[in-house]
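What follows is one structure encoded as structure tokens, with my remarks underneath.
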Amino acid sequence: MKKTIMLCIVAFLTFSVVNAQDALVSKKGIPILPTGGDFAIGIDAIPFFKYVGNLHNTAVNNTVPAFNYKENMNIYGKYFLDDLTAVRVTLNLGFRNQEDREFVIKDGQGVTPDINVTVEDVQNVKTSIVNIGAGLEKRRGYGRLQGFYGGELRFIYASGNTNYTYGNGFSASNVNPTSHDFGTNLPVYGYRVNNVTLGNTIGGGLRGFIGADFFFAPKISIGGEFNWGVQYTKTGEGYGITENWDAPSGTINEDKVKVDGGSDFNLSTGNLGGALYLMLHF
């Protein structure tokens, strides 16, 4: 009798485990949860919810959802070391070289200048940003609902430079040459900015996070998380170079002016991206 009872218990437990495992496998036998060796990328889920929601109301011009960054223009991904442990990486490498060309009337044409005779002023802006984060994530949960927690480190670097070239030059008869106003390059009468070099920004941070994913399809989950951490950045001094006509010497005078730096210390809680996200595992 005891053997029969034990056999029934073993059979029941075996049946329960098999059913529990079957519940985490699709009808085609595809595992629903991520496993060791899987990669994952995260995207913003809100456009998809808006699109589906607008299909059921009178909204017009319902925009088809597209892949959007999960967090502040950062590529976000994971690599699973095993079924319950993942390495997280966020990456933003931005390098920009923007040129703005504007025509201005050519000086020195005489009493009746022709507005169609022009020269060209150019503003060239170069910026770069490096934002890298790496951390470790631990997971636990029941069935399709998986909680996770962990911590990550961040490194931040940014720099910027703006250079101006002008078609009309300074001279004794033209102490305030006609120049295009790009916004901040003409501070006062008779002066122009040639170059602005910002101080480099360097910083980093450490934060912990906690959140949850729900796997509504094999290897596809919707989730969200909260984080708490500290971040510090410091921007060094930069400089700007201005030019003007120096009458006593009869030459162009250049002055170098400091551009103040600064620092920022932030300790706070936050919501990563401020919205729900989709995780795609493969």
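The values are calculated or read from the model by the stated rules, or taken from the named source; none is laboratory data. Everything numeric here is computed off the predicted structure, so don't read it as measured data. Here the Cβ positions follow ideal geometry from the backbone for every residue, glycine too, while neighbour counts run over all protein chains shown.
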Report summary line: Exactly one of Ser268, Ser221 is hydroxyl-bearing (Ser, Thr, Tyr), loosely packed, with under 13 Cβ neighbours inside 10 Å and modelled with pLDDT under 95, and that residue is Ser268
Query raised in the report: If you scan region 53-99, which residues turn out to be modelled with pLDDT of 85 or more, exposed (fewer than 13 other Cβ atoms within 10 Å of the Cβ) and not aliphatic (A, V, I, L, M)?
Result: Asp82, Gly94, Phe95, Arg96, Asn97, Gln98, Glu99
**Report entry** Neighbours by Cβ (under 9 Å, 6+ apart or cross-chain): first from region 153-168, closer than 20 Å to Trp245 by Cβ and of a type outside the set (A, V, I, L, M, F, W, C); second modelled with pLDDT under 95 and surrounded by fewer than 18 Cβ atoms within 10 Å (Cβ to Cβ)
**Finding:** Asn168/Gly108
Query raised in the report: Scanning for something surrounded by 11 or more Cβ atoms within 10 Å (Cβ to Cβ), modelled with pLDDT under 85 and either small (Gly, Ala, Ser) or assigned by TED's automatic domain parsing to the domain that holds Gly224 (or both), does region 27-43 turn up at least one residue?
Result: yes
**Report entry** Count of residues meeting criterion [among the aliphatic types (A, V, I, L, M), surrounded by 18 or more Cβ atoms within 10 Å (Cβ to Cβ) and in a strand (DSSP E or B)] in region 195-218
**Finding:** 1
Requested in this report: Tell me, please, whether a residue that is among the acidic types (Asp, Glu) and surrounded by 16 or more Cβ atoms within 10 Å (Cβ to Cβ) can be found in region 179-192.
Outcome: no
Query - Some residue of region 238-249 being under 30 Å from Gln146 (Cα atoms), hydroxyl-bearing (Ser, Thr, Tyr) and surrounded by 12 or more Cβ atoms within 10 Å (Cβ to Cβ) - result: no
